[in-house]
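**Q** Following this message is one structure expressed as structure tokens.
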Amino acid sequence: MTNHLAAALGIGRTDRHDRRFATMPDGRYYRYADVDGVSARFARAVQALGVQPGDRVAVQVEKSIEALMLYLGVVRAGAVFLPLNTAYTPAEIGYFVGDAEPTLLVADPSRAEALAAAAGGVRIETMGVWAADNPDPGSLFSHVPEAPGDFADVARGPDDLAAILYTSGTTGRSKGAMLSHENLASNARVLAAYWRFTADDVLIHALPIFHTHGLFVATNTTLVAGSSMLFQPRFDADAVLAALPEATALMGVPTFYTRLLADPRLDGARTAGMRLFVAGSAPLLAETHRQWEARTGHAILERYGMTEASMITSNPYDGARRAGTVGHPLPGVSLRILDPETGAECPPGTVGMIHVKGPNVFRGYWRMPEKTAEELSPEGWFVTGDLGTIDSEGYVVIVGRGKDLIISGGFNVYPKEVEGEIDRLPGVVESAVIGVPHPDFGEGVVAVVVPEAGAPREAAQVLEPLADRLARFKQPKHVIFVDALPRNTMGKVQKKALRDAHALLFAG
Ligand code: AMP
């Protein structure tokens, strides 16, 4: 038996050893031979530190190419990679470590001391960003042998775990989504083919690597196709603009696109060599899609996915990429929309709960059998928690998270519908519509609006035009103007933070 995921990603394929895998901003680069060699050395390092097949290796480090090699090394050693958001505090890390019981925690050198108290005796090694002028990149490197030696990947089957990713956990406890070798391998193969990645592609990688988008979608797709990437430590509009003429593809969250659009240097000449712009992890405004196409001539390809199921749907490569939709289920993925009350299949055009099934769907939540049973049926259907609909041409439209649904006076209000109307108004950049406890209606609809610079901040400007566009129960009862919406690193609007901040608005 081989190591299922490592084999799918092409680890050990000597025929591509001379090709370039990643180029760093300082010109340092990794060839595919280095990917195989360095990840083998990390595999030997974690083995030397006592990591056995099936053990978890938790990792909270800054983005670096070596951190990606650690991911591959952990997989090759048969262990389970557990990346953690760099924004998590030591107390939060304490929860993850207590829950996942890793054998090893790899931490940024600046955090190791603070984490020692929270980690409850779990072995900590440090890993900073490797650089020629950094004399001490971290203790982990002292366990990494100089030469790869003869590393034989630990055998792992399709159903063995490759990774655990904790969900962002905006309600209740954060849950560890268990992803198998085949979950990741199947999705990487499908995406590479669907988005036509080849050895000639050069992907701009500016996403974080603790999340499914940057870690799996961007990296695994590149590896499967034998493409190469321009590896950037974080999103920086200047750096992405400078890289565009050297690249063929960009994967980003919607905020990448709005920030790039704000820069006059973005134009058709700069993007002439690009063949693909992918957006996901949060909804792309239809307006951003239109502006991008007008400015560059490229239609952004929007896709939909989540930690538990990797990528689920995508707009087509050939054929219309429709703004405001996330396209069709990927090959091998089944998607259905059910009425949350009755469980009956919703007819096209009707909003319901999105369920998905396929080789991409995770193995359940780590040590949470009840939660798993609630969301994953014995037949393999996963209840995504997202509300959506399928339009007349089979394109899936995401309406929002089920928990963001507002019930006002007994009526369902889908925030996205109200946001869409507000965003069309002159003087409005964007908006977030939330439900806040209300003594008469249960929840009252509240619009949080970002006005354009200099535009009046008057509720009437928003409310009057909505009066004849939306049913009365959907119209906001209150408008709050803000300079910017709260977003996490993946560009998702933090609606829970908004609800918490304004919870007492109608309390009298
Ligand atoms: P995460 O598990 O952090 O990747 O978050 C997954 C959630 O992000 C999904 O369940 C959706 O609610 C949301 N999401 C991802 N892609 C899109 C998209 N293209 N449009 C709207 N929402 C999206």
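The values are calculated or read from the model by the stated rules, or taken from the named source; none is laboratory data. These numbers were taken from a predicted model, which means no experiment stands behind them. Ideal geometry is used to build each Cβ from the backbone, glycine not excepted, and the neighbour counts take in all protein chains shown.
**Q** Could you go through the range 2-12 and let me know if any residue there is part of a helix (DSSP H, G or I), more than 26 Å from the chain's Cα centre (by Cα), among the hydroxyl-bearing types (Ser, Thr, Tyr) and farther than 23 Å from Ala132 by Cα.
**A** no
**Q** Mind listing whichever residues of the range 313-336 are within 12 Å of the ligand (Cβ to nearest atom) and surrounded by 23 or more Cβ atoms within 10 Å (Cβ to Cβ)?
**A** If the condition is that a residue be within 12 Å of the ligand (Cβ to nearest atom) and surrounded by 23 or more Cβ atoms within 10 Å (Cβ to Cβ), then Thr313, Ser314, Asn315, Thr325, Val326, Gly327 are the ones that fit.
**Q** Next question, about the same structure. With (1) in contact with a strand residue (DSSP E or B) (Cβ under 9 Å, 6 or more places away or on another chain); (2) closer than 24 Å to Met306 by Cα as the list, and Ala247 as the residue in question, which single condition is left unmet?
**A** (2)
**Q** The conditions are (1) assigned to a strand (DSSP E or B); (2) farther than 24 Å from Gly327 by Cβ; (3) over 16 Å from the mean Cα position of the chain (by Cα), and Arg173 fails exactly one of them. Which is it?
**A** (1)
**Q** When you scan the range 272-326, how many residues do you find that are within 27 Å of Thr384 (Cα to Cα) and among the basic types (Lys, Arg)?
**A** So the count comes out to 3.
**Q** Can you pull out the strands (runs of 3 or more DSSP E) entirely within the range 339-446 that have at least 1 residues that are more than 22 Å from the chain's Cα centre (by Cα), within 28 Å of Ala323 (Cβ to Cβ) and modelled with pLDDT of 95 or more?
**A** Qualifying strands (runs of 3 or more DSSP E): 352-357, 382-390, 428-438.
**Q** Condition (residue is within 17 Å of the chain's Cα centre (by Cα), of a type in the set (A, V, I, L, M, F, W, C) and surrounded by 16 or more Cβ atoms within 10 Å (Cβ to Cβ)) applied to the range 256-273: is it met by at least one residue?
**A** yes
**Q** Here's a check for you: in the range 475-494, which residue that is in contact with a His (Cβ under 9 Å, 6 or more places away or on another chain) and either part of a loop (DSSP other than H, G, I, E, B) or among the basic types (Lys, Arg) (or both) is nearest to the ligand (Cβ to nearest atom)?
**A** Met490
**Q** Just give me the residues in the range 398-416 being of a type outside the set (Lys, Arg), in contact with a strand residue (DSSP E or B) (Cβ under 9 Å, 6 or more places away or on another chain) and surrounded by fewer than 17 Cβ atoms within 10 Å (Cβ to Cβ), in sequence order.
**A** Gly402, Ile407, Gly409, Gly410, Asn412
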